[in-house]
Amino acid sequence: MDKYENNIWIGIQNIPEEWCVAYHGVGDGKPSDNVKHILGLIYKGGLKAGTRQIHEDCPDYFHKGKKVGNGVYCSPKIETAQEFSGKCNINGKEYSTAIMLRVKPNKRRHCNQCPDSKEPYIYWILNGTPDEIRPYRILFKCTNDNEEEEEEEEDKKKKMIKKKKRMKKKKYLLQD
């Protein structure tokens, strides 16, 4: 973090010099993505505009009369980034991958009037230099852990039922 002139950009005091928190999905949501390779490219060269610029012609919400243009897509909502997250396998479990980053507030373009946008501000587009985006955390979310959790929950229920039966039996024996 000492890479920059100061650390105010990453603060949480809600002052004007702080940069906005955003998330960038790594990949295109398919398990076949080589997430490790993509993360390596980002580490070496920073975030760069991808080839899928599907919202470049959308009106910019904060810069009236302009379009959002070509750039790096990110979102203030982790759920949006997860839609575009590639999957990677670690020790037999599948994880979606996203990058937590900070973006320079006055450099954001806001796409919210495209037909497939679900709500305002779902996409931010940064179409300037890499100095406008500062990645600082890689996020992993286990996507196939539900089966194990359900099995554990079912085991707990079975144990609870057995325990209740033993308690009833014990209570019945004590009453005789």
Q) Does Glu94 satisfy the condition of being in a loop (DSSP other than H, G, I, E, B) and either farther than 16 Å from Pro130 by Cα or open to solvent by less than 50 Å² (accessible area, probe 1.4 Å) (or both)? A) no
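Among the residues of the stretch 108-153, which ones are among the small types (Gly, Ala, Ser) and modelled with pLDDT under 70?
Of everything in the stretch 108-153, just one residue is among the small types (Gly, Ala, Ser) and modelled with pLDDT under 70, namely Ser117.
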Q.
Cβ-Cβ distance below 9 Å, separation of 6 or more or different chains: which pairs start in the stretch 45-56 with a residue that is closer than 21 Å to Asp131 by Cα and of a type in the set (S, T, N, Q) and end on one that is open to solvent by less than 100 Å² (accessible area, probe 1.4 Å) and outside any loop (DSSP other than H, G, I, E, B)?
A. Gln53/Tyr73; Gln53/Ile125
Q) Across the stretch 80-91, what is the total count of residues that are crowded, with 18+ Cβ neighbours inside 10 Å and of a type in the set (A, V, I, L, M)? A) 1
Q: Only one of these is more than 14 Å from Phe140 (Cα to Cα), more than 14 Å from the chain's Cα centre (by Cα) and either loosely packed, with under 14 Cβ neighbours inside 10 Å or not aliphatic (A, V, I, L, M) (or both): Lys36, Lys77, Lys48. Name it.
A: Lys48
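Restricting to the stretch 57-74, name every residue that is open to solvent by 50 Å² or more (accessible area, probe 1.4 Å), closer than 17 Å to Gly128 by Cβ and part of a loop (DSSP other than H, G, I, E, B). Give the derivation first.
We begin by selecting, within the stretch 57-74, every residue open to solvent by 50 Å² or more (accessible area, probe 1.4 Å); these are 57, 59, 61-67, 70.
After this cut, where a residue has to be closer than 17 Å to Gly128 by Cβ as well, the list is 62-63, 66-67, 70.
If the condition is that a residue be open to solvent by 50 Å² or more (accessible area, probe 1.4 Å), closer than 17 Å to Gly128 by Cβ and part of a loop (DSSP other than H, G, I, E, B), then Phe62, His63, Lys66, Asn70 are the ones that fit.
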Q) What residue, among those in the stretch 7-33 that are charged (D, E, K, R) and modelled with pLDDT of 85 or more, is surrounded by the fewest Cβ atoms within 10 Å (Cβ to Cβ)? A) Glu17
Q | Failed condition for Leu101, given (1) closer than 16 Å to Ile125 by Cβ; (2) in a strand (DSSP E or B); (3) touching a helix residue (DSSP H, G or I) at 6+ places or on another chain (Cβ under 9 Å); (4) aliphatic (A, V, I, L, M) | A | (3)
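The values are calculated or read from the model by the stated rules, or taken from the named source; none is laboratory data. These figures come from a predicted structure and were not determined experimentally. Here the Cβ is made from the backbone with ideal geometry for all residues, glycine too, and neighbour counts use every protein chain on show. Note: accessible area is taken over every heavy atom of the protein model, side chains too, but ligands, DNA and RNA are not part of it. Shrake-Rupley method; radii C 1.70, N 1.55, O 1.52, S 1.80 Å.
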